[in-house]
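Take a look at the structure set out below.
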Amino acid sequence: MLKLENISFRIDDRDILKDIDLTIDDRFVAITGPNGSGKSTLLKIIMGLLQPTSGRIWLDGEDITELSVSERANHGISFAFQQPVRFKGLRVRDLLELAGGEGKNGRERFAHACKVLSEVGLCAKDYIDRELDDTLSGGEMKRIEIAMAAARGTKMTLFDEPEAGIDLWSFQSLIHVFEKLYQETSGTIMIISHQERILNIADKIIYLKDGTVLEYDEGRRVMEHLVVDTCPGACGATMGREENCATERM
């Protein structure tokens with residue numbers, strides 16, 4: 001269980017988050033809201049990439065507020081960036097075997113790496129020995145990072161807009177990946193998204209605006225309060241009550 005107590009974040013005399021109080025113990029929690037509402041900041045604070053100006057963070061009863069990123073990773077928190085990091089000289093198989101190799105021999109690690117690649121719509125034969133460099137497109141890197149998070153299977157996995165930069169066909173596969181993660185994981189998935197299909201499978205939805213939580217309730221109840229519309233290009237994005245097109249970066 002994750003508990004956030006009075007979490008605030010202030011930078012350059014601007015309040016990004018204001019006294020966030022949340023207790024998260026559901027398996028799939030989506031975070032949505034308009035541009036600049038503090039969604040990415042909230043996830044980065046949970047991961048330890050940013051330190052809150054005030055407040056405390058508890059994971060399974062332990063205060064992790066002062067822990068580093070690596071210490072939080074060892075406690076079972078994973079983070080998938082909106083813009084995946086590239087590692088020149090590191091192969092796809094190296095990353096995936098490192099993520100999901102605990103307790104497995106070499107052949108089992110390789111088989112598992114191939115399996116998670118196929119689950120995100122990438123042919124293992126074509127990608128397993130590719131380097132994580134500029135020869136991979138942004139969409140390919142995004143799917144590989146999602147595969148890494150799926151392979152690791154931690155107690156809490158954080159995704160920052162995984163649909164960003166993904167084409168429509170890949171988005172359909174992405175939905176299946178999250179549905180499968182939901183079915184198979186015993187941990188918690190927290191995901192920033194504006195996509196109706198992702199929000200619809202969430203147990204709970206956090207609706208942020210201006211750095212505060214306007215709603216935190218069962219997914220279906222929050223969805224009833226959101227106006228669902230389709231943006232140009234049939235992206236199927238979600239719009240808030242008075243917000244602009246939700247494909248705008250939030």
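The values are calculated or read from the model by the stated rules, or taken from the named source; none is laboratory data. Nothing here was measured: the structure is a model prediction, and the numbers come from that model. Glycine gets a Cβ as well: all are built from the backbone with ideal geometry, and neighbour counts include every protein chain shown.
Only one of these is surrounded by fewer than 21 Cβ atoms within 10 Å (Cβ to Cβ), at pLDDT below 95 and over 19 Å from the mean Cα position of the chain (by Cα): 21, 12, 25, 63. Name it.
Exactly one of 21, 12, 25, 63 is surrounded by fewer than 21 Cβ atoms within 10 Å (Cβ to Cβ), at pLDDT below 95 and over 19 Å from the mean Cα position of the chain (by Cα), namely 12.
Filter the strands (runs of 3 or more DSSP E) completely within segment 1-93 down to those with at least 2 residues that are touching a helix residue (DSSP H, G or I) at 6+ places or on another chain (Cβ under 8 Å) and within 19 Å of residue 192 (Cα to Cα).
So the answer is 2-11, 14-24, 28-32, 77-80.
So which residues in segment 197-219 are in a helix (DSSP H, G or I) and either in contact with an Asp or Glu (Cβ under 8 Å, 6 or more places away or on another chain) or surrounded by 20 or more Cβ atoms within 10 Å (Cβ to Cβ) (or both)?
Residues satisfying the conditions are 198, 199, 219.
Go over the candidates 131, 145, 140 one by one and state the one that is touching a residue at least 24 places away in the same chain (Cβ under 8 Å) and either crowded, with 18+ Cβ neighbours inside 10 Å or within 21 Å of residue 187 (Cβ to Cβ) (or both).
Step by step, each of 131, 145, 140 is checked, and only 145 is touching a residue at least 24 places away in the same chain (Cβ under 8 Å) and either crowded, with 18+ Cβ neighbours inside 10 Å or within 21 Å of residue 187 (Cβ to Cβ) (or both).
Please specify each residue of segment 208-222 satisfying the condition of being among the small types (Gly, Ala, Ser) and closer than 19 Å to residue 35 by Cβ.
211 - this is the single residue of segment 208-222 that is among the small types (Gly, Ala, Ser) and closer than 19 Å to residue 35 by Cβ.
Report whether or not residue 55 is modelled with pLDDT of 95 or more and surrounded by fewer than 20 Cβ atoms within 10 Å (Cβ to Cβ).
When the stated conditions are applied, residue 55 passes them.
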